[in-house]
Structure formats: structure tokens, C-alpha cells
Amino acid sequence: MKIAITSASGKLGASIVNELIKEVGDNQVIGIARTPKNAKQLGIEIRKGDYNSRDQFNEALKGIDTVLLVSGMDDPEKRIQQHRNVIDAAKQNGVKKIVYTSIIGDEENTAFSPIVKSNRQTEKDIQASGLLWAIGRNGIYIEPDIEYIGHYIEEGEIRNCAGTGKCSYTSRGELAKAYTQMLLEDEHNGQIYNLGGRPITQQELADIINEVYGTRLFYHQVSVEAYRKERTAALGDFIGTVIAGIYEGIEQGANDVPSDFEKAIGRPHQEPLAMVKAVKDGMTRGE
């Protein structure tokens, strides 16, 4: 069986490739990347595939039995057609199964909602494709908070607009294990899973980081508008607005959802403290 992973040069795609290789060996795993040389370190066959090009995916998916579609990072309206290019190429090539990395979130009420809504459309397109399918809705990655820890320490606080809302954080390592099983096991076919951990508040996150890193951070809530202005000034209008929308959704409860992680992998998601320790250890090893 040949399994293809799109966006193999990205952090999530590469994590899934590495986990999948442990299970089935490197000769059964094909990476697809817009720029193949950026994924050569994975040590597997890499095929060229830009989400904007149906023709490239017609070639990239030849001989593939199962494909993991990693959600794209483009404008929400563009992503719907980009994902359809992969779905349609899969159908043309006789791919049997497609697994999709969607996201937890609110479809209507925040600046992040257009991205969630576009993911929901792709979910519908996959369900209507006639292929076997499984869908994961990812929680918010914990890694960016750990990567941002230098800024937190400099400022002495974690500052955003999430308030007392809870977020079911996850990690790329945990997701890689879940998607590997969803790709390999038929019992997950036709299922949509919330792939997150135990929901925690921003103050709980600060407490966990303090315990793992020996810091003295506290949580500081600001308004949605103030946080949006801060993030857009630092990151530009699009990314800044999206980031503010994520935390606005957390404040509204959109990320406080029951986890289906155990259904995917057969064990509970790592506890937040253990997850942060694992991420720290991985970064120390350069993973």
C-alpha cells in the first residue's frame, strides 16, 4: 500500500511522515511538497504538488492508495478550490481513502471563522467524494507558545484576549500518532474526531510553562480589539487578524470541546503538563 502525505515539507506533514515510517517503513510512504527539495531530509520519495495545480496532483497521486490532505495555509476562499484539486485528482487516480486535517473552531463569530468555514466545506467535499474518508479536527498547537517563550519571559506575561476561556491544546507529535492510525485503520473510516487534549485556561497554561521552564509568567487579559491591533501591527493584517480571532474564539468557548483523541489512538491525549515537557524535550533534541 502506498500512502501519500501532502505538505510533507511542513512541520505537521513531516511529523506525520516520520510517525508513519515507524509503522509501515519508508518504501510505503510518499511525500508531496510544493518545493520537493524542502522535504528531502525525510528520506522518502518526494513528488511535486502545489495545491493550485490539479495537473501536478494528477501526477503526484498516481499509484497512491491513501492520501492525507494537510489543510492549506492560503486565503480561505482559495483553499476550498485548492483542496478540491487534491480530492478530484485522488478520484481520477483511483485513490481509495482520503484523510483530512481540519480544525476545531467556530464557523461564524470571530475573525478566525472564515478559515474554519472553509475547512468545513472541504469536509463536505470529502464526504461527497465517494472515497473512504476520515477527518480530524485539530486543536490549537502548543508549539507556538513554547517557541514564543522568549517573548513571554521578556514581557513577564502571556497576554491575549482569551480571558477565562478554555482551549483543548494539542501538539504535532500527538497529532502525528492520531493521523497515522486514521490512515492505517479501517475502523476510523467515516469518522470526524476532535483531536485535542484536556481544555485549559491561559492562566493554567502560564502555570504549566512556569513549572516546566522555571519562569514566573502570569496571564494578562486584554480586549479583542486591543489584541487585534497589537497582532496586526506585529504580523500584518491577515495573520494578525487570524491570531486575534483564534483567541477570541477561545474566549467564546469554541475550543472547549470534548476530545475524541482516544478513539483515534486507543489512549487518552497527553495531559497538558506532559505535553509541554515532551515538546520542550523535542526542541532540545532539535526535532
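The values are calculated or read from the model by the stated rules, or taken from the named source; none is laboratory data. What you see is a predicted model, and the numbers here were worked out from it, not measured in a lab. Note that we place each Cβ from the backbone using ideal geometry, even for glycine, and neighbour counts take in every protein chain shown. Calculation scope for accessible area: heavy atoms of the full protein, side chains included, ligands and nucleic acids excluded. Shrake-Rupley method; radii C 1.70, N 1.55, O 1.52, S 1.80 Å.
Using a probe of 1.4 Å, the accessible surface attributed to V24 totals some 30 Å² when neighbouring protein chains are kept in position.
Quick one: of K40/K117; K40/K97; K62/K280, which pairs are farther than 31 Å apart, Cα to Cα? Beyond 31 Å: K40/K117; K62/K280.
Counting only complete DSSP H runs, which helices of the chain cover 15 Å or more along their long axis at the Cα atoms and score a mean Kyte-Doolittle of 1.0 or above? If you can, show how the numbers build up before the last one.
On the way: long enough: 11-24 (20 Å, 0.52); 76-92 (24 Å, -1.52); 113-127 (21 Å, -1.37); 172-184 (18 Å, -0.07); 202-213 (16 Å, -0.29); 224-235 (16 Å, -0.71); 237-252 (22 Å, 0.60); 272-284 (18 Å, 0.43).
None pass (Cα extent of 15 Å or more, hydropathy at least 1.0).
Please report the spacing between the Cα centers of the stretch 54-71 and the stretch 245-278 in Å, no decimals. The stretch 54-71 and the stretch 245-278 have Cα centres spaced 29 Å from each other.
Among H151, H188, the sequence by solvent-accessible area, most first, with a 1.4 Å probe is H151, H188.
In the full protein context, the stretch 164-287 carries 47 Å² of accessible surface per residue, based on a 1.4 Å probe and ignoring ligands, DNA and RNA.
Note on E154: accessible area is roughly 150 Å² with a 1.4 Å probe, heavy atoms of protein only.
Kindly rank 34-42, 69-77, 92-100, 194-202 from highest to lowest mean number of other beta carbons found within 10 Å of each residue. Could you put the intermediate results ahead of the total?
Working: 34-42: 15.0, 69-77: 17.8, 92-100: 19.4, 194-202: 21.7.
Packing order, densest peptide first, comes out as 194-202, 92-100, 69-77, 34-42.
Using a 1.4 angstrom probe and counting only protein chains, how large is the accessible area of I239 in Å², to 10? Accessible surface of I239 is approximately 80 Å². Accessible surface of the chain, 1.4 Å probe: 47 percent of it comes from carbon and sulfur atoms.
Residue-wise HN-Hα couplings along the stretch 104-110, as the Karplus relation 6.51 cos²θ - 1.76 cosθ + 1.60 with θ = phi - 60° gives them from phi, are 6, x, 8, 7, 10, 10, 9 Hz; Gly and Pro carry x.
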